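Beneath this line is the structure, given in structure tokens, with notes to follow.
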Amino acid sequence: DTDLVYQRQWRKSAVNSASIHNYLSKIKKRSWVLHECLERVPENVDAAKELLQYGLKGTDLEALVAIGKGVDDGRFTLPGDIDIDSIAYEELSPADKEPSKSKRQEELKKRRDLLKLVNFSKLTLEQKELCRCRLKLLTFLDRLATYEEILGAPHASEQRYDAEFFKKFRSQNIVLSARTYARESNVQALEILLTYHGSHLLPHRLAILSNFPETTSPHEYAVLLPEACWNNDSLTIIPWAEHKHRAEDWCEELECRMVVEPSLQDDSEFLYAAQPELLQYRTPQLTVEKVMAWYQSRAEDIEHHAGQVDCALSLVRLGVERHIPGLLTLCDDLVTLETLVYEAGCDFTLTLKDLQQMKDFEKLRLLMEHCSEDNYVTSAYQWMVPFL
């Protein structure tokens, strides 16, 4: 059995183009090869990409059709390895009378023809496993592309790539990764995750933003904050600009996914289990009302938990700049509290909740008591301007 020889040589070699060509490509057993492509994490980014792409080639439609026809014998099948006669080539649609204009068009036509031979509702267990492996390989490739963006593609990623970190990152719950970056105040990384993995993360955008430390200035993550605009006389939230690393693959379409992964796990459950009050902000599409409520609640939380009046005020002002309505009263309260705490030298234990329960004359009296003669008139006048 030559597989045993090449398996041993592969395991003793570093992963690179040469070892893939000299050893892995000579191993026939599909399950063993796919296991290596999925489980082994090379020490450099180019080798990691090449190994995943090699596994992807062996899980394409040609292999799926070969398994269905029973002509693969458990072999790792690359495109072009199939015996066309054994899968009844006449079952494919007739060739166009005129030759294809490009190789790309020919490949697309061949893919459409192969898809016609697949009945996803009648996949065998072996075919389902192949599809699951392909979905996992695609996920790992997407995570690798995202990791490269975070590191600073393309040259920085070659130098800063960490195989141990990538091994964890590629399999980690993407919502957990986003929450971790928020708690670390890593704005750039979180922005990249929202951009390339929006389908998983954007419904939880406000809950994720609530995990930034209260002591982090909102100006640092202002780029992540929701913004509204007027559209046909109605105020709407501007959608996040999403991008994809690649086009959707055939195994990611609903017809295949419903058979291969009939019940998908809720990746965000942990997020709301720890903070159930954030569940109200979970939505596939942000509304002005939810965003307004979040700005108010988050500013109050910042002031309550960290006593950071300036950070709370900054968040509200950023919301106002982004055309979020209903924030002016809270903004005025925070300005008053900031004046009392930072300028008038009032009792530092005074909270926003305490201030909101006071009557206006009580606020003015408190302001006057803690003002010196020099700034008495100025401070009092500044506070009274909204009421004049």
Out of curiosity, is S185 open to solvent by 20 Å² or more (accessible area, probe 1.4 Å) and part of a loop (DSSP other than H, G, I, E, B)?
yes
With L202, L278 as the choices, which residue is part of a helix (DSSP H, G or I), open to solvent by less than 40 Å² (accessible area, probe 1.4 Å) and farther than 23 Å from K353 by Cβ?
L202
Do we have any residue at all in region 146-155 that's among the polar types (S, T, N, Q) and under 21 Å from L56 (Cβ atoms)?
yes
Could you check region 53-85 and list, in sequence order, the residues that are surrounded by 20 or more Cβ atoms within 10 Å (Cβ to Cβ), at pLDDT 85 or above and within 16 Å of I27 (Cα to Cα)?
Y54, G55, G58, T59, A63, F76, T77
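Among the residues in region 238-256, are any under 26 Å from D310 (Cα atoms) and at pLDDT 95 or above?
No - not one qualifying residue is present in region 238-256.
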Taking D267 and the conditions (1) within 26 Å of N211 (Cα to Cα); (2) free of Cβ contacts under 8 Å to residues at least 40 places away in the same chain, which numbered condition does it fall short on, given that it satisfies the others?
(2)
So how many residues does region 102-135 have that are at pLDDT 90 or above, among the hydroxyl-bearing types (S, T, Y) and more than 27 Å from V33 (Cβ to Cβ)?
1
List, please: which pairs have Cβ atoms under 8 Å, are six or more places apart or on different chains, and start with a residue in region 311-327 that is over 15 Å from S297 (Cβ atoms) and end with one that is of a type in the set (S, T, Y) and open to solvent by less than 10 Å² (accessible area, probe 1.4 Å)?
none
Checking the structure you have, find out if any residue of region 288-304 is over 21 Å from V341 (Cα atoms), open to solvent by 20 Å² or more (accessible area, probe 1.4 Å) and assigned to a loop (DSSP other than H, G, I, E, B).
no
Candidate set from region 9-34 (those that are open to solvent by 60 Å² or more (accessible area, probe 1.4 Å) and out of contact with any helix residue (DSSP H, G or I) (no Cβ under 9 Å at 6 or more places or on another chain)); member that is farthest from L117 (Cα to Cα)
K12
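Can you name every residue in region 261-274 that is at pLDDT 90 or above and open to solvent by less than 90 Å² (accessible area, probe 1.4 Å)?
S268, F270, L271, Y272, A273
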Please pick out the residue among E36, E50 that is at pLDDT 95 or above and touching a Leu at 6+ places or on another chain (Cβ under 7 Å).
E36
Check whether at least one residue in region 132-154 is assigned to a helix (DSSP H, G or I), under 21 Å from the mean Cα position of the chain (by Cα), without any contact (Cβ under 8 Å) to a residue 40 or more places away in the chain and farther than 21 Å from H200 by Cα, and report yes or no.
yes
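Confirm whether E164 is surrounded by fewer than 17 Cβ atoms within 10 Å (Cβ to Cβ) and under 24 Å from L135 (Cα atoms).
Against the criterion (surrounded by fewer than 17 Cβ atoms within 10 Å (Cβ to Cβ) and under 24 Å from L135 (Cα atoms)), E164 qualifies.
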How do the pairs read when you match residues in region 162-176 that are among the β-branched types (V, I, T) with residues anywhere that are surrounded by fewer than 18 Cβ atoms within 10 Å (Cβ to Cβ), using Cβ under 8 Å and keeping only pairs 6 or more apart or on different chains?
I174/H200; I174/D267; V175/H200; V175/D267; V175/F270
Within region 234-260, track down each residue that is surrounded by 13 or more Cβ atoms within 10 Å (Cβ to Cβ), among the hydrophobic types (A, V, I, L, M, F, W, C) and within 21 Å of the chain's Cα centre (by Cα).
I237, I238, W240, C251
Go through region 305-324 and count every residue that is open to solvent by 50 Å² or more (accessible area, probe 1.4 Å) and either outside any helix (DSSP H, G or I) or among the hydrophobic types (A, V, I, L, M, F, W, C) (or both).
3
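The values are calculated or read from the model by the stated rules, or taken from the named source; none is laboratory data. What you are looking at is a predicted structure, and each value in this text was computed from that prediction instead of being measured. All Cβ positions, even for glycine, are placed from backbone atoms using ideal geometry, and neighbour counts span all protein chains on display. Please note that ligands, DNA and RNA were not included when accessible areas were found on the heavy atoms of the full protein model with its side chains. Shrake-Rupley method; radii C 1.70, N 1.55, O 1.52, S 1.80 Å.
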